[in-house]
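Reviewing the structure listed below.
Just so it is clear, none of the values below were taken in a lab; they were calculated from the coordinates. Keep in mind the model is a prediction, meaning the values are calculated, not measured. No Cβ is skipped: glycine too gets one built from the backbone with ideal geometry, and neighbour counts run over all protein chains shown.
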Amino acid sequence: MTADNEAGGIVPLLEPRDGLPPVVATDAALAEVTDRLARGQGPVAVDAERASGYRYGQRAYLVQLRRSGAGTVLIDPIACPDLSGLDAALGDAEAVLHAASQDLPCLAEIGFRPQRLFDTELAGRLLGYPRVALGTLVEEVLGFHLEKGHSAADWSARPLREELLRYAALDVEELIELRDALADELDAQGKSEWARQEFAAVLAARPAPARPDPWRRTSGIHRVQSRRGLAVVRELWTARDRIAQRADLSPRRVLPDTAIVEAARAYPANHAQLARISGFAGRQARRHEKDWLAAVARARASADVELPEAAGGAISNGPPPAHRWAERDPAAAERLAAARAAVTALAEENRLPVENLLSPDALRRLSWDPPRPSGEPGGEPGDEQGDEQAVAQALADYGARPWQIELTAAPLAQALSQARNHVPDAGDT
């Protein structure tokens, strides 16, 4: 489906076709729209708005749904925090989301856990679209211009302004039509099964375990060179997170990362020294000055054995950073280059982003520790059939989907074999 105006240009979406629906904020209203959506037909378009940058965590502050025969529904999950009844009423109806992995966790928190999925962003990637933002795909595929200026709004504010509600309703206005058009393209390119496997993998994914030392993700931490400086980052980050959670604020609204890094380089010991770091001048930061000074003092007083390791401390269960391979293991660097070349060629041939054909982590692990052929645990690889089977099993162990394994196992086995037969000398590195 493509929309064309009289001049053959792009049609702006300004108003929901059925008008702006009221926000569901009572149990009675939720029961009514649940029944209406259950009696609708076909897939259900779903979207959620969060307040990233304003509130602590990633909870949903508005949920939008649209289904043929039911129209558009806007639900306030703060007033109606349990959507498990809606989830049960929709049964196994296919949910259509854009960038589903971003919204599924916050939807699960309020009881909405779809059993079937169509992800329009992921479909766009598999089809080779160079840009897969929702507004871009709606414009390119359907011919409508979707205004995206409110994506970074504070959706936790109440009452929600009418222009925000209109924006939210329009986000699901054409999602089913986009799904149908992309599904046709997937079928035409022979990629429908690929998409089915990818969508199933998104639904099956569990929340990632908490990262060890999450404070190491502080922006600009690479500028902190000493272990004691890293201890300052750790203590300030931990204090900030505790304050932000208690106040339900985004941590960066309490104290910016730049301030944490500058404090880790300056070791402020009193008010005057702290005040010279600009990031501590904000209203929220000033309110917690004693907490910041106490955090820095704890880091300054820590014994050497309590200081974090500069490289991350715990032993990694994966290969080292790829830029160090040529120095540490030239043969592994040779394998990685050959494997990357093979996957890049395959991606181009199939009009896919390289990372969607095979995850970079799987490629690195395979190149760093190449598998032995099945049945030859201690022998030298060499049998092409055995090499391919061993690579296929390794890829499966690394989480690759069957379609990815089918495409990449044989070319990767060949690339690794060729790299193995070319032993780099000192001049190559």
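Who wins for biggest fluctuation among Leu122, Leu65, Leu336 in a Gaussian network model of the chain, springs between alpha carbons below 10 Å?
Its mean-square fluctuation being the largest, the pick is Leu336.
Each residue of region 50-66 in turn: what ³J(HN,Hα) in whole Hz from Karplus with 6.51, -1.76, 1.60 and θ = phi - 60°, glycine and Pro shown as x?
Rounded to whole hertz, the list is 10, 10, 4, x, 10, 10, 6, x, 10, 5, 7, 10, 7, 10, 10, 9, 8.
Using DSSP to call loops (not H, G, I, E or B), can you name the GluC sites (Glu not before Pro) in region 234-338 whose Cβ has at most 11 other Cβ atoms within 10 angstrom? Could you put the intermediate results ahead of the total?
Values: sites: Glu235, Glu262, Glu289, Glu306, Glu309, Glu327, Glu334; in loops: Glu309.
Sites meeting the loop and neighbour criteria: Glu309.
Summing Lys, Arg as +1 and Asp, Glu as -1, what charge do residues with Cβ under 13 Å from the Cβ of Ser101 carry, Ser101 excluded? Show your work: numbers first, answer last.
Values: positive: Arg125, Arg206; negative: Asp103, Asp119, Glu121, Glu198.
Neighbour charge sum, excluding Ser101 itself: -2.
Once Lys and Arg get +1 and Asp and Glu get -1 on their Cβ, which of Ala266, Pro251, Val296 lies farthest toward the positive end of the dipole of region 250-337?
Toward the positive end, the furthest listed residue is Pro251.
Can you list the HN-Hα couplings for region 190-204, worked out from phi with the Karplus curve (6.51, -1.76, 1.60; θ = phi - 60°), rounded to whole Hz and with x for Gly and Pro?
x, 10, 4, 5, 4, 5, 4, 5, 5, 5, 5, 5, 5, 5, 7
Sort region 103-171 into rounded, prolate or oblate with this rule: let a ≥ b ≥ c be the square roots of the eigenvalues of the Cα gyration tensor; rounded if a/c is under 1.5, and if a/c is not under 1.5, prolate when a/b is larger than b/c, oblate otherwise. Kindly include the intermediate steps, with their values, before the conclusion.
Numbers: a/c = 2.54, a/b = 1.21, b/c = 2.10.
Note, shape of region 103-171 comes out oblate.
Using each residue's phi in region 44-49, evaluate 6.51 cos²θ - 1.76 cosθ + 1.60 at θ = phi - 60° and report the 3J(HN,Hα) Karplus result to the nearest Hz, with x for Gly and Pro.
So the J values, rounded to whole Hz, are 10, 6, 9, 8, 9, 10.
Report P(r) for region 252-360: all Cα-Cα distances, bin width 10 Å, range 0 to the bin holding the largest distance, values in whole percent.
All Cα pairs, binned at 10 Å, distribute as 11, 26, 17, 17, 20, 8, 0 percent.
Quick one: among Ala301, Ala310, Ala392, which has the greatest mean-square fluctuation in a GNM of the chain with alpha-carbon springs under 10 angstrom?
So, out of Ala301, Ala310, Ala392, the one fluctuating most is Ala301.
Quick one: what does P(r) look like for the chain with 10 Å bins over all Cα pairs, in whole %?
For the chain, the pair-distance distribution reads 4, 17, 21, 22, 21, 13, 3, 0.
Multiply the residue separation of Thr136 and Ala88 by 0.36 nm, subtract the distance between their alpha-carbon atoms, and state the gained length in nm to one decimal.
Working: separation 48, 0.36 × 48 = 17.28 nm, distance 3.29 nm.
Separation in residues times 0.36 nm, less the Cα-Cα distance, equals 14.0 nm.
Please list the non-local residues whose amide H lies under 5 Å from the amide H of Val44, H modeled 1.01 Å from N, same-chain partners needing a gap of 5 or more.
The answer is Glu94, Ala95, Val96.
Using a/c under 1.5 as the rounded threshold, could you call region 19-132 rounded, prolate or oblate? The axes a ≥ b ≥ c are square roots of the C-alpha gyration tensor eigenvalues, and prolate needs a/b larger than b/c, oblate otherwise. Intermediate values should be presented prior to the final figure.
Details: a/c = 1.80, a/b = 1.22, b/c = 1.47.
Oblate.
Would you work out the charge dipole size for the chain about its Cα centre, treating the Cβ of every Lys and Arg as +1 and the Cβ of every Asp and Glu as -1, and quote it to the nearest 20 debye? Numbers along the way, then the final one.
On the way: 50 positive and 63 negative charges, 554 e Å.
The dipole magnitude comes to about 2660 debye.
Which percentage, to the nearest 5, of the DSSP beta bridges contained in the chain is antiparallel? Please list the in-between numbers first.
Working: 13 of 24 bridges.
Looking only at bridges with both residues in the chain, the antiparallel portion is about 55 percent.
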